[in-house]
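Participant: Below: one structure in structure tokens.
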Amino acid sequence: MSHLDVIARGGGGGDGGPPLATIGPAPTGRAKCKKCGGAIEKGTLRVTVFSQSHFHDGFDGANYHAECAPNTARGLDPKCVLLLPWRDQLAFSGDDAQKAALRSNPAAQRASERFVETRRILTTEVKPKDVKALVEENGYALLSGPKPIPLDVLVDIAADGLAFGRLAKCAACGSRALRHAGAGQGAHALTWCTGWASASTACAFSTRQAPPREAPWTGSATLRKGKPRAALAALLKDADARANRTAPDPSAASSPPPKKKAKTSAPPPPPPPPPSPKLKTVPPDSRLLRVDEMALQEAGANGSSGRAEIVVTHHGRTAMNVQLVLVDAAHEANKFYRLQCLRVGRSYAVFSRWGRVGEDDGIGHYDAYGGSRMNKCMLHFHGTLADATKEFASVFKRHTLNDWPVYAATRAFDVRPGCYDLVRHVDAELQGDDAAAGGAGAGAAPSDSR
């Protein structure tokens, strides 16, 4: 997951260990307590404790009832505690000074009650699609890198904006991704950023100072119309009154909805760009033509016969063999993802392998009965090259948000925030770009599997 509040499959807590345990209202009723086995009802307090995963480069979370949660040496995440109702803050906070200040601060207690009530209404009485529309209308994104921001985080952001006003842009990264917890608690409050400082590094901005605020959030007339949106309309009306502004004209949303268009088949994908004249032939001794050792073992375990070799397209100038890396020092993430398209006898296959750089990228121990989680690799067979290429392109885009046909023909690649980067190889560069790519690719590439 992303570097937001819910990071069960992301990096650690910034000091080499797992993230701090989190506490908050359960967004659904599907989770079960790790200790007692009972269901954790939606809206009740849920504690999530993280530990090193045995199956991937990151941490897994175990959920508990608040009364069943074990005592962790590092305590609970103070951001999550400050988002609780003020009475629960007194029960779960590990900061005695913060609790003493909160007991004698009626204004902070009222601010906490306003935030919690606004969050409750958005959670129970407003549809998720309307929450997302409200967030977008007020300038916030629904995605963090390639992944959607969890709905419960969007609800917290919207509740804070409606109750106290829109936060200014981050002073460090310039994105509108600030969050605040502990309104009215002065130096005990926290403001932090969930944006990106660069394409691969999350913004680490955090401060105890009160953030600059703009007017409370607003919403269009569409979000105020109709009985199903009555609760949201009431919240927006209250925000308008505190901001001393006029609500949008309801007639702006009174136009009849457009007629539904007849269902038609999806438009065909755009044709791939023409190959660049600077593409060069892949040398026969290139590392790009080496099949991963784990792929050979996986193919043998699946009973395939025949020699395995990397598929080369564009008249021998593009090898379907890429190495991706994701490095985020702030959360101890240093992962690789290897993707190869193979010709195995008369069939085709897509091989993928993943893990932590320096630990899982060498020749690993293969267990024929271990499955993909234990071996950290996967091999999918296809009858035709077209089917294999389709899966290859889909996996490539899922991890990089780049189109494989475009990269294969032009070598154009854009690094996206929160996505894997491409390890450049000199044999895959355009003519004239060898010198610029040679040093970068060689230094960033994890060790070869053979």
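Participant: ³J(HN,Hα) across the range 81-92 via Karplus (A = 6.51, B = -1.76, C = 1.60, θ = phi - 60°), whole Hz, x for Gly/Pro?
Facilitator: 5, 5, 8, 7, x, 5, 5, 5, 4, 5, 7, 10
Participant: Which of rounded, prolate, oblate describes the range 76-125, given a ≥ b ≥ c as roots of the alpha-carbon gyration tensor eigenvalues and a/c under 1.5 marking rounded, otherwise prolate only if a/b is larger than b/c?
Facilitator: oblate
Participant: Here is a further query. Placing +1 on the Cβ of each Lys and Arg and -1 on the Cβ of each Asp and Glu in the range 9-158, which of 131, 82, 43 has its Cα farthest towards the positive end of the resulting dipole?
Facilitator: The residue sitting most towards the positive pole is 43.
Participant: Okay, moving on. In the calculated pair distance distribution of the range 196-239, what percentage of Cα-Cα distances lie above 16 Å?
Facilitator: 60 percent
Participant: Order the peptides 231-241, 346-356, 377-387 from the highest to the lowest mean number of other Cβ atoms within 10 Å of their residues.
Facilitator: Top to bottom by mean Cβ count within 10 Å: 346-356, 231-241, 377-387.
Participant: Rounded to the nearest 10 Å², what accessible area does residue 276 show when all protein chains are kept and the probe is 1.4 Å?
Facilitator: That residue has around 20 Å² of solvent-accessible surface.
Participant: Report in % the part of the accessible area of the range 29-146 that belongs to carbon and sulfur, leaving out ligands and nucleic acids; probe 1.4 Å.
Facilitator: The value for the range 29-146 is 51 percent carbon and sulfur by accessible area.
Participant: Can you give me the % of accessible surface on the range 183-240 that is carbon or sulfur? Probe 1.4 Å, all protein chains present, nothing else counted.
Facilitator: 60 percent
Participant: Let me ask another. Give me the distance between the Cα centres of the range 77-97 and the range 382-401, rounded to whole Å.
Facilitator: 47 Å
Participant: Based on Cβ point charges of +1 for Lys and Arg and -1 for Asp and Glu, what charge dipole magnitude is obtained for the range 18-167 about its Cα centre, in debye rounded to the nearest 20?
Facilitator: 240 debye
Participant: Give me the 1.4 Å probe accessible area per residue for the range 376-421, excluding ligands and nucleic acids, in Å².
Facilitator: On a per-residue basis, 45 Å².
Participant: Would you mind getting the accessible area per residue of the range 47-169, heavy atoms of the protein chains only, 1.4 Å probe, in Å²?
Facilitator: 47 Å²
Participant: What are the residues whose amide H is under 5 Å from the amide H of residue 291, where those residues sit 5 or more places off or on another chain and H is modelled from the backbone?
Facilitator: Residues meeting the criterion, in which the H sits 1.01 Å from N, do not exist here.
The values are calculated or read from the model by the stated rules, or taken from the named source; none is laboratory data. The structure presented is a predicted model; accordingly, all values stated were derived computationally and were not measured. In this analysis, Cβ positions are derived from the backbone assuming ideal geometry, glycine residues included, and neighbour counts consider all displayed protein chains. Remember, those area values only see protein heavy atoms, side chains included, never the ligands or the DNA or RNA. Shrake-Rupley method; radii C 1.70, N 1.55, O 1.52, S 1.80 Å.
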